[in-house]
Amino acid sequence: MRPPTDSRRSPVGREPSRLPDALTRRTIVERVRPSIDGGRFPVKRTVGDVVTVTADIFADGHDVVQARLRHRRPTSGDERSAWCEVAMELVAPGRDEWAGMFDVPDVGVHEYCVVAWVDRFLSWRHELQKKAAFGQESSVDLLEGSLLVVEAAERGTAPDASRDWLRRRADALSDRGAIADRVALAMDERLRVEMILRADRSRATMSPVLTVWVDRDRARFGSWYEMFPRSAGGDASRSGTFREAAASLSRIADLGFDVIYMPPIHPIGRRYRKGPNNTPTAGPNDPGSPWAIGSHEGGHTAIEPGLGTLDDFLAFRAEAARLGLEVALDLAWQCSPDHPWVTEHPEWFRHRPDGTIKYAENPPKKYQDIYPLDFESEDRDGLWHALLDVTRAWIDRGIRIFRVDNPHTKTFGFWEWFIASIRAEFPDVVFLSEAFTRPAVMRYLAKAGFSQSYTYFTWRNTKAELTEYFTELTQSEAAEYLRPNLFANTPDILTEYLQQGGRPAFAARLLLAATLGANYGIYSGFELCEAQAVGPGSEEYLDSEKYQFRPRAWAAGSGIVELVARVNQARRTHRALQIDRTLRFHATDNDAIIAYSKTSPDGRDRVMTIVNLDPHHTQHGFVDTPVDEAAYTVRDLLDDTDYRWRRGWNYVRFEPEVRQGHLLCLPTPRT
């Protein structure tokens, strides 16, 4: 005799398994962006920015989908702050693309995600509206809507008055009155709003939570000036002091700079000290390279005695602050053979088979005066925490900006840990990555947490090169995490373009650096157009300041000093020049002339830069300008000259010894 059939069992006689809840969620949320490596790394913004989030959101069938962008500032510990929500809108129906935005008002981490669901009431309402248009509505349709309203009234923690209103509206929808009147009640705006507030999200789909790291404004915008304080004494036979360097800060502030950056200021080793022009032996009075850090006077937390004392440094920093300059220091994680760590912690260095410590090399270059640290050493915990303590010490002394030397030669994991550890205590610290290396490595360091990055700008000279490179930096995914800092030169880099182009080349590169990038910098002497290399084919300066004292005749008044001041004044005055994302290139009929514009986020400020890239010859041609007015006036911010231009193409002419470019304030678009 066969056993009775159990209606709950499957046809094959097995108990049906419970389906995963995820399979019952009809809404799909895909490609939430911005998102870096699937959320592995945060995107970057600065205080006051708007984060625009897009996602592909859809469901099966024709039901109405609702989506919300959620954001919050996470609290410390296990507690989490409540989500704030903003509505997302369908901005590209054919592609199911939705968008929403939120502000980031504070420094630190912000979180965001997307939640979406099929809205049963709005789907019903939409269907009813279509039926009514063809006279097909029925009492059963209205009864269905009435039940949805009753469910909403019982859902959530609605105030009694609102709950009672919904119940009365549900009764009215199910009443036996005229169908046309009941349909009109269903289309009531208040009912729509109340039902959206109480939507059934039990089967909503939520995307993974993504993060934004928000920096202070200095990470977004700043004009940097690099100086060696030891050259401030006016005497090539001795080190200048911090007291003497402080006296030169007013000149730098008058040029309009925001950040004064100094190479390492620590004691310099004696063993294997390099002489002038990187010669392998030094004389008794040669100062050596500041990057050969450490001697019997101390290591990374000590001050080079020739510069003065810690009190002298603090006085220097205070004077800089009085003048509106912020001091940036160099973090160079390496040691001279005389550094205290060499004897106290030999395990922090790599050793050769003969027992000697391995010095730095970049064949054919040899740096016998520098011992690299071993970030994979047996005592990496001790080393990593020691470097963290060094940085904390300088933060305690008032430093909040660090330029990091050669970060690409250190373990990536160290930088993730190190930067996150510092930011947990000091979220306003800014880190600049000095990594002239392969693109993938530069990008990964930016993802790992660096606030800013050196770039290949230094070697991009043609119109095609500049256009391609800066379109990538400002319009691709890289713009979400890599902030360029465009140094026109460095103590290590005197490009062939500058060596051969004279004053016009320096003017061109200044205009490009200061207007293509919201962050840019020059190394001391650029404003004097110093251009003598150590030899043909070399980018090293002759009599490099890296190896000797280099006082300069600042009062001579030559070079491009006035141009530097005018450019920096324009940068401070015009919001358009303080951001990167709105950079757009414009057509010219001469490849020696490049043109581009920037617009402030509110659209009220527009600046157009036009540069002659040829430092040797007069160039002229027509530029397509992004102004819709039939006739208008543009003002050149470099010399306050006005030009009357017309819609479309306008003529420009540049004679290298007279003018190398225009920096034009464009009329505000009419609303």
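For region 128-143, enumerate the residues that are surrounded by fewer than 18 Cβ atoms within 10 Å (Cβ to Cβ) and not in a loop (DSSP other than H, G, I, E, B). Those that are surrounded by fewer than 18 Cβ atoms within 10 Å (Cβ to Cβ) and not in a loop (DSSP other than H, G, I, E, B): 129, 130, 131, 132, 133, 139, 140, 143. Considering region 1-28, and only residues there that are open to solvent by less than 100 Å² (accessible area, probe 1.4 Å), of a type in the set (Gly, Ala, Ser) and farther than 19 Å from residue 203 by Cα, the residue that is modelled with the highest pLDDT turns out to be 17.
The set of residues in region 602-620 that are open to solvent by 10 Å² or more (accessible area, probe 1.4 Å), outside any loop (DSSP other than H, G, I, E, B) and either touching a Ser or Thr at 6+ places or on another chain (Cβ under 9 Å) or among the acidic types (Asp, Glu) (or both) contains only 606.
Considering region 630-648, and only residues there that are within 34 Å of the chain's Cα centre (by Cα) and not β-branched (Val, Ile, Thr), the residue that is farthest from residue 615 (Cα to Cα) turns out to be 648.
Contact annotation: residue pairs with Cβ atoms under 7 Å, 6 or more positions apart or on different chains, pairing a residue in region 532-556 that is over 22 Å from residue 234 (Cα atoms) with a partner that is of a type in the set (A, V, I, L, M) and not in a loop (DSSP other than H, G, I, E, B), are 539/493; 539/533; 540/533.
The condition (being of a type outside the set (S, T, N, Q), closer than 30 Å to residue 43 by Cα and buried (at least 24 other Cβ atoms within 10 Å of the Cβ)) is satisfied by just one residue among 506, 457, 526, 487: 487.
Annotation: residue 35 fulfils all but one of (1) farther than 30 Å from residue 443 by Cβ; (2) buried (at least 16 other Cβ atoms within 10 Å of the Cβ); (3) not acidic (Asp, Glu); the unmet one is (1). Has region 331-345 got any residue that is over 20 Å from residue 303 (Cβ atoms) and of a type in the set (Asp, Glu)? Within region 331-345 (the criterion being over 20 Å from residue 303 (Cβ atoms) and of a type in the set (Asp, Glu)), the answer is no, since none of the residues qualifies.
State which residue is modelled with the highest pLDDT when the search covers only region 169-221 and only residues that are in a loop (DSSP other than H, G, I, E, B) and polar (S, T, N, Q). Here the residue is 207. Is at least one residue of region 419-433 in a helix (DSSP H, G or I), open to solvent by less than 10 Å² (accessible area, probe 1.4 Å) and of a type in the set (Asp, Glu)? No; the residues of region 419-433 include none that is in a helix (DSSP H, G or I), open to solvent by less than 10 Å² (accessible area, probe 1.4 Å) and of a type in the set (Asp, Glu). Residues of region 446-460 that are in a helix (DSSP H, G or I) and either under 12 Å from residue 478 (Cα atoms) or in contact with a Lys or Arg (Cβ under 7 Å, 6 or more places away or on another chain) (or both): 446, 447. Taking residues in region 644-657 that are under 30 Å from residue 560 (Cα atoms) and aliphatic (A, V, I, L, M), and partners anywhere that are at pLDDT 95 or above and in a strand (DSSP E or B), the pairs with Cβ atoms closer than 8 Å and at least 6 places apart or on different chains are 652/593; 652/610; 652/620; 652/621; 652/622; 652/623; 652/662.
Among the criteria (1) in contact (Cβ under 8 Å) with a residue 24 or more places away in the chain; (2) more than 26 Å from residue 43 (Cβ to Cβ), the one residue 202 does not fulfil is (1).
Of the residues in region 560-587, how many are in contact with a Phe, Trp or Tyr (Cβ under 7 Å, 6 or more places away or on another chain) and either of a type in the set (Asp, Glu) or open to solvent by 20 Å² or more (accessible area, probe 1.4 Å) (or both)? Before you say what the answer is, go through the steps one by one.
Restricting attention to region 560-587, the residues satisfying the condition of being in contact with a Phe, Trp or Tyr (Cβ under 7 Å, 6 or more places away or on another chain) are 560, 568, 578, 583-586.
Retained after the next criterion (residues that are either of a type in the set (Asp, Glu) or open to solvent by 20 Å² or more (accessible area, probe 1.4 Å) (or both)): 578, 584-586.
Counting residues in region 560-587 that are in contact with a Phe, Trp or Tyr (Cβ under 7 Å, 6 or more places away or on another chain) and either of a type in the set (Asp, Glu) or open to solvent by 20 Å² or more (accessible area, probe 1.4 Å) (or both) gives 4.
The strands (runs of 3 or more DSSP E) found wholly in region 304-367 and carrying at least 2 residues that are out of contact with any Ser or Thr (no Cβ under 6 Å at 6 or more places or on another chain) and surrounded by fewer than 17 Cβ atoms within 10 Å (Cβ to Cβ) occupy 360-362, 365-367.
Can you name the residue in region 292-303 that is of a type in the set (A, V, I, L, M) and out of contact with any Lys or Arg (no Cβ under 9 Å at 6 or more places or on another chain) and, of all such residues, is surrounded by the most Cβ atoms within 10 Å (Cβ to Cβ)?
Result: 293.
Looking only at residues that are of a type in the set (A, V, I, L, M, F, W, C) and in a loop (DSSP other than H, G, I, E, B) in region 546-559, which one is surrounded by the fewest Cβ atoms within 10 Å (Cβ to Cβ)? Only one residue tops the list, namely 553. Just one of (1) in a strand (DSSP E or B); (2) in contact with a helix residue (DSSP H, G or I) (Cβ under 7 Å, 6 or more places away or on another chain) fails for residue 146. It is (1). Could you say whether any residue in region 63-70 is within 20 Å of residue 199 (Cβ to Cβ), touching a Ser or Thr at 6+ places or on another chain (Cβ under 8 Å), assigned to a loop (DSSP other than H, G, I, E, B) and open to solvent by 60 Å² or more (accessible area, probe 1.4 Å)? Checked against the condition, which is being within 20 Å of residue 199 (Cβ to Cβ), touching a Ser or Thr at 6+ places or on another chain (Cβ under 8 Å), assigned to a loop (DSSP other than H, G, I, E, B) and open to solvent by 60 Å² or more (accessible area, probe 1.4 Å), region 63-70 yields at least one hit.
Just one of the numbered conditions (1) surrounded by fewer than 20 Cβ atoms within 10 Å (Cβ to Cβ); (2) among the aromatic types (Phe, Trp, Tyr); (3) under 30 Å from residue 141 (Cβ atoms) is not true of residue 83: (3).
The values are calculated or read from the model by the stated rules, or taken from the named source; none is laboratory data. These numbers come from a predicted model, not from an experiment. Because the Cβ atoms are built from the backbone with ideal geometry, glycine has one as well, and the counts that use them run over all protein chains shown. Note: accessible area is taken over every heavy atom of the protein model, side chains too, but ligands, DNA and RNA are not part of it. Shrake-Rupley method; radii C 1.70, N 1.55, O 1.52, S 1.80 Å.
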